[in-house]
Ligand SMILES: [Zn+2]
């Protein structure tokens, strides 16, 4: 009995040794989270930028806002409705500089459904779409050229998550879409918590400039100014309590807060 049991005990001893020898860091290492700022175009008359962001969470990737349409890339400035806009380089081209193809993008998340935030969605027809439910519900009665960008998810059966309230994207609190309605019914901002840089809050279009952020002014053209005022209060209280870095999508000065692409913030 003893001689038969010995190999089993030996095996258990070896197993225990292997478990002890495995660094705890290899077992419980949190996923690496990194954040890149991408150029998604510019508004020439108002000198506003249009930024998109790439977030890496371990081996998964998420885009936050999809900017101006890819068809504008590397062409002279164009008029889109009343706006003179230009796009130098597409998201696909910028991702290629990180050796990423569109197939590697797991999530395409938008702050809201305006044309300067959804333009390059069609380049990622296999990714899971994250959008505020209020904005999704309004697509059929909105501008057809906007609804067109959502076809892979409205008609093609691509996966989507319609966000009501807040959404902890990866389930560990590192990347959270938080509801800031008012600019549009389903508008969201994004909180990304990085190991070294700490909390970073991406405004969406709650604000257009740092000046508006500091003055807490409500932009014209809001769907619901009262809701925006409540969202501004929420955003500002979060930023103060977290001591977060606040990055405004359309303020070109805010691009300088971030490392120059292709360097990430981590
Ligand atoms: Zn915008």
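A short reminder: the numbers here are calculations on the coordinates, not readings from a lab. Quick caveat: nothing in here was measured; it's all calculated off a predicted structure. All Cβ positions, glycine included, derive from the backbone under ideal geometry; neighbour counts span all protein chains shown.
General remarks:
- The GNM of the chain, with springs linking C-alpha atoms under 10 angstrom apart, assigns the highest mean-square fluctuation among 79, 62, 177 to 79.
- Based on DSSP H segments of at least four residues, each scored -39500 (n - 2.57), the chain has a per-residue ellipticity at 222 nm of -7500 deg cm²/dmol.
- Candidates 165, 67, 156, ranked by Gaussian network fluctuation over the chain, Cα under 10 Å, top entry: 156
- When peptides 109-118, 50-59 are sorted by average Cβ neighbour count within 10 Å, with the highest value leading, the order is 109-118, 50-59.
- At q = 0.09, 0.15, 0.16 Å⁻¹ the log10 of I(q)/I(0) for the chain amounts to -0.43, -1.08, -1.24, computed by Debye summation with a single uniform scatterer per C-alpha, solvent ignored.
- The alpha carbon radius of gyration of the stretch 137-266, expressed as a multiple of 2.2 N^0.38 Å, is 1.13.
- Degrees between helix 225-242 axis and first principal axis of the chain (Cα, 0 to 90, nearest 10): 40 degrees
- Label-reachable residues, the stretch 209-223, where backbone N falls under 13 Å from a point 7 Å from residue 236's Cα toward its Cβ: 211-219
- Rounded to 10°, Cα long-axis angle of helix 2-21 versus longest principal axis of the chain: 30 degrees
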